[in-house]
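Take a look at the structure set out below.
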Amino acid sequence: MASIPLPTPARPLRIGTRASPLALAQANMAAAALVAAHGLDLAALEIVPMTATGDRIQDRALAEVGGKALWTRELDAALDAGEIDIAVHSLKDVETLRDPRFALIAMLERADPRDRLVVRDGIDGTAIAELPQGARLGTSSPRRAAQVRRLRPDIETTLLRGNVATRLGKLAAGDVDATLLAAAGLDRLGMYEVGQVIPIDLLLPAASQGAIGIECRADDAATRALLAAVDHAATHAAVAAERAFLAGLGGDCRSPVAAHAHWRHDGTLRLDAEIYSEDGAEHVAGHALVSDAAAAADLARRLLDEAPEAVRSLFAA
């Protein structure tokens, strides 16, 4: 087998990433994985941060201005132009159907996929059920908004955008009483004690939550080989099932949907999924053992068939 051409300080591997603190932490995790897998000198890797359109727009829901593509547009353009060699993504922010010019080769081992509830000072309660009557919960996620309103119809959900620090700052300023953040993101920022973890059986996570994906140009065989060495196969299979479920739904960032695949003790992969009306009042849930994308898509079709019109109308499948 031919050896893999390794990057060198003279021709470093350029790692594209969003410029937020969390995205940079994830890019550094990808760099560390490549160093460990190939015995690279850190000088052979160059992190190239860029500001995504989604980071610049803070006052509107992404669904109103372009959806998940606003997180990937700049990285895609740089990758296509050869300005970077790979792009590191929070996979839950990446469109389900990707441009065939790019290949999602590697996923790092998944972190905690759950949400954490964070409340401002002066608010009692560490669980959704304990929040005060009429509490204001800030989120930009249709999934979280629908799930919370299903559990607590009295809670007011309001738009809360920005990176983790921005959202925590707005919470501290009293703009909202509580918010939900991904446990994985908080942990990657060293905020291990922030918030209270919400059990998966109460709030099923977003598809791909906690997973980091690494893309390269589809025709770049050398980089594909480099990335293959850091792929965590169990994570890749689970997240691929979740993304296949989304593809089967025709869901996008405007669609309240949750999906989580996990490996059982017997070695089978179970996919749990839920789809909601916008206000969370109506929903349908189901699960299946999945061995390929077709099985995940079958579950999507089954849930759509069972869903009331208020739910089914939100999906384009």
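What follows is calculated from the coordinates using simple rules that are stated; it is not laboratory data. Just so it is clear, the model here is predicted, and its values are computed rather than measured. As a convention, Cβ positions derive from the backbone with ideal geometry for all residues, glycine included, and neighbour counts pool all protein chains shown.
Stretched out straight at 0.36 nm per residue, the stretch from I200 to V35 would grow longer than its current Cα-Cα span by 56.1 nm.
Taking each residue as 0.36 nm, the span from S291 to A10 lengthens on full extension beyond its C-alpha to C-alpha distance by 96.8 nm. If you plug the beta carbon distance of Y192 and E109 into 1/(1 + (r/R0)^6) with R0 = 22 Å, you get a FRET efficiency near 0.80.
For the pair W263 and D175, a Förster radius of 45 Å applied to the C-beta separation gives a FRET efficiency near 0.70, rounded to the nearest 0.05.
Using only the alpha-carbon atoms of the chain as identical scatterers, what base-10 log of I(q)/I(0) does the Debye formula give at q = 0.06, 0.10, 0.13, 0.14 Å⁻¹? Debye intensities relative to I(0), on a log10 scale: -0.20, -0.57, -0.96, -1.11. The ellipsoid that matches the Cα gyration tensor of the range 242-312 has semi-axes, each √(5λ) in whole angstrom, of 22, 11, 10, with the longest given first. For the range 166-264, the set of chymotrypsin sites (Phe, Trp or Tyr not before Pro) satisfying both a DSSP loop assignment and a count of at most 12 other C-beta atoms within 10 Å is given as Y192. Between A19 and A77, full extension at 0.36 nm per residue minus the direct alpha carbon distance yields a gain of 19.3 nm. Taking amide H positions as placed 1.01 Å from N in the peptide plane, with prolines and chain starts having none, which residues 5 or more places from G16, or on another chain, fall under 5 Å of its amide H? Correct list: V48, D85, I86, A87, V88.
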